[in-house]
Structure formats: C-alpha cells, structure tokens
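Computed from the coordinates by the stated procedures, all read-outs in this text should not be read as laboratory data. None of these values were measured; they are calculated from a predicted model. Using ideal geometry, Cβ is built from the backbone for each residue, glycine included, and neighbour counts are taken over all protein chains shown.
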Amino acid sequence: MLSGQEIIEAVERGDITIKPFNKEQVNPNSYNLTLGQELYVYSDGILDSKKKNKLNKITIPDDGYILSPNEIYLALSNEYTENQVYVPQMSGRSSIGRVGLMVHSNAGGGSIGFNGKWLFNITCLVPTKVYKDMQIGQLWFFPIIGDDSIRYEGEHHNQKKVKSTKI
Amino acid sequence: MLSGMEIMKQIEEGNIVIKPFDKKNIGPNSYYIHMADELVVYDEDVLECKNKNKTRKITIPEEGYVLRPGELYLGRTVEYTEVEHFVPILSGCLSLASLGVTIHITAGFGDNGFKGTWTLEICCVRPVRIYPNMKIGHICYFPIVGDERIKYKGKYLGQMDTTASRIYKDF
C-alpha cells in the first residue's frame, strides 16, 4: 500500500491522477475524498435487479441534508481519478463509520485502469445530517503483481454522473 | 501481508506493539483481538456531522448484553496497539459475520503510526448477545511502499476509550 508521500509523488509523476488534488487531504497512507452536492435515490418501491431503476435527484443545501435509514443514496465524489498503475480501494473515513454511515456496500475495491469519479452508495443506521464537500471517503492505492494488461472497461468507466445500476 | 510468524518478529523488533499480547492469538496472517466490556451509543434523534453528538455508556456484564438491530454501538478492543512501517487492517470474525454482526463499517484500514485501542462500529441484523473478552476480529498488517514522512496526527491518536466520531472537527 502506498504511503501518503508516495501518493503525492505518484500524482506528480502522473501515475495517479486526482482532480482537484489538495495536499491537505493526504493521510499517512490514503487520500480523502469529498462528497459532491447531489444525492440520488431510487424512486421505485421495489428495486428490480433486471431493470433500470428510476432515480430522483436531491441537491444537498448549504445547511446540510438529513439522510434516513432504510434508504440508499447514490452520490459521487468531487474528485475525478485515473488509476493506470495502482489498484485503488475506496471506503469511508473512520469518523464517518463512527456515526454509522456506510459509503459503500461492498469491499470498495476499484480496478486498475478505472477512470472516473467515485460512486458512494450511502446508507445510515440512524438519521444523520451530512454536508456537501465534507470529507467522507478515502482512497488507498496498492501496487499490482504481474502482467496488468487486463484493464477496467466496466460500466462505471469514465463516470462523471450518477447512473442507475446496470445488472 | 505479514504472516503470523512475521507479526511476532515485528513485535520483537518493536515495530508492532500489541498489549496484552498472547501467542495463542497469532493466526496464519493476523492477530486475534477481543471485545472490551464497554459500549457507547449516541443519545440523539439525528446525528450531526458538524456538531458533537451526545453519547451514553453501557457496561457489558459477564452474562452478556443483547445488541438490537437498527442501533449503532461503538465498542473497543481490549488490545492497545502501536504500529510503525506497516498499515494495520481490522476485520471481523467470520463466525460473528455469520450471525449478522458487523464490527466495522469502513474498510478497517488503520494508519501507519496509529497508537491506541480500536473503536469498533457494531451493528446487527438480528438481536445478538455478546460477551466481554470474546474474540471479535483480527488485525492484519500490510507493508507500506514509499517515504513515510506523513505521520498519523489524526483525531484518534492515543485513544484508550471507546471514542465517538470527531467528524465535527473537520468543519
């Protein structure tokens, strides 16, 4: 796993792209991601894995927005990243976990070659007020072992907008 | 990731500190950690990221304490840990996960340089009775690549008690 200083140097030599990049968001071995202003919720009562489920947009006002339990909110990071050399992994920050907020529902592993903003799948255990631009997630970077010619070309490649899940 | 034997070696060299330490808790590539006898719950209808939230402490008696679904419990490890030159990662026991209990909500990665007990973010799907000192998870260690000059100076450095979120310090 890359150290914080190594993340800075990888950004400088172009092995990692993070835009916007702010050195204050670098940790000993990770980089903090901030929450974009838009949340999306599914409008259908029952989600269907086989269909494209409709989404409704919520804009987080300056004085924050209260998330409700039993709802899943999709949101993007403000940061756009390119990961051509290292394997990125995303998860919530410790302070976020300690209020019961989850920002992803699976392991949070990214793929080498993934370019785009990071999709947060946000759920909470109790009603919780969140704010736009708050530092909600973090990225870790792992060196990859072996030939890395198989590259991410998945459904979220180059994502800059929240899209309904495609299964 | 370090093997169990390598974790022991790094403890001898002082790069990893685990207190109390017991060889029987060394796994093939991790160290088993245990639940302390205290839980902290928030005493608020809505949790605020910008403000400090009120909390209440619960002591887990010897006969156990029943966790309820829909509630967030913060707990802590019995073990105090320090680490240099490695990134620690905490993960829950498979046998607890099989009961629908999660002990952390984030990826469980710690920071190189972190010192303290580990605060656990506990929730359950069905009511579950837990006990003090039960094995609840393990810590694995990853090697770090590159210059380590950025040290952990975070909000939780040196935490000994179960520590509620200090996210309000970000604002």
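The table for this structure:
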| item | result |
| --- | --- |
| For B:104-117, mean number of other protein chain Cβ atoms within 10 Å | 6 |
| Average projected area [Cα convex hull, the protein assembly as shown], square nanometres | 17.4 |
| Residue with peak Gaussian network fluctuation, chain B [Cα springs, cutoff 10 Å], from B:73, B:31, B:152 | B:152 |
| Selected from A:72, A:150, A:18 as most flexible by GNM, with chain A as the system and alpha-carbon contacts under 10 Å | A:150 |
| For region A:29-119, alpha-carbon Rg relative to the globular expectation (2.2 N^0.38 Å, N residues) | 1.19 |
| Built amide H within the under 5 Å cut-off of residue A:80, gap 5+ | A:19 |
| Unit Cα scatterers, Debye sum, chain B: log10 I(q)/I(0) for q = 0.10, 0.11 Å⁻¹ | -0.39, -0.47 |
| Within-13-Å neighbourhood charge of residue B:78 [Cβ basis; K, R +1; D, E -1] | -2 |
| Positive dipole terminus of chain B, leading residue within B:78, B:1, B:59 (C-beta point charges) | B:59 |
| Net charge over other residues, Cβ less than 15 angstrom from the Cβ of residue B:112 (K, R count +1; D, E count -1) | -2 |
| Relative contact order of region A:4-143, pairs being alpha-carbon contacts under 8 Å that are 6 or more residues apart, as % | 33 |
| Residue mean of other protein chain beta carbons inside 10 Å, B:161-168 | 4 |
| Whole-Hz ³J(HN,Hα) from phi, Karplus 6.51 cos²θ - 1.76 cosθ + 1.60, for region B:121-127, glycine and proline x | 10, 9, 8, 9, 8, 10, x |
| Chain B: angle of helix B:4-13 to the longest principal axis, Cα-based, in degrees nearest 10 | 70 |
| Alpha carbon centroid spacing (whole Å) that separates region B:25-96 from region A:12-34 | 29 |
| 10 Å Cβ neighbours from other chains, averaged over peptide B:140-151 | 6 |
| All lysines inside 30 Å of residue B:57 as judged from Cα atoms, apart from same-chain residues fewer than 8 positions distant | A:129, B:19, B:115, B:135, B:153, B:155, B:169 |
| Binned Cα-Cα distance frequencies in chain A - 5 Å width, integer % | 2, 9, 17, 22, 19, 15, 10, 5, 2, 0 |
| Expected 222 nm ellipticity per residue - DSSP helices of 4 or more, -39500 (n - 2.57), all of the protein assembly as shown, to 500 | -2000 deg cm²/dmol |
| For chain B, built as a Gaussian network whose Cα springs stay under 10 Å, the top-fluctuating residue of B:126, B:149, B:76 | B:149 |
| Cut-off 10 Å between beta-carbons: net charge of the residues surrounding residue A:19, Lys and Arg +1, Asp and Glu -1 | -1 |
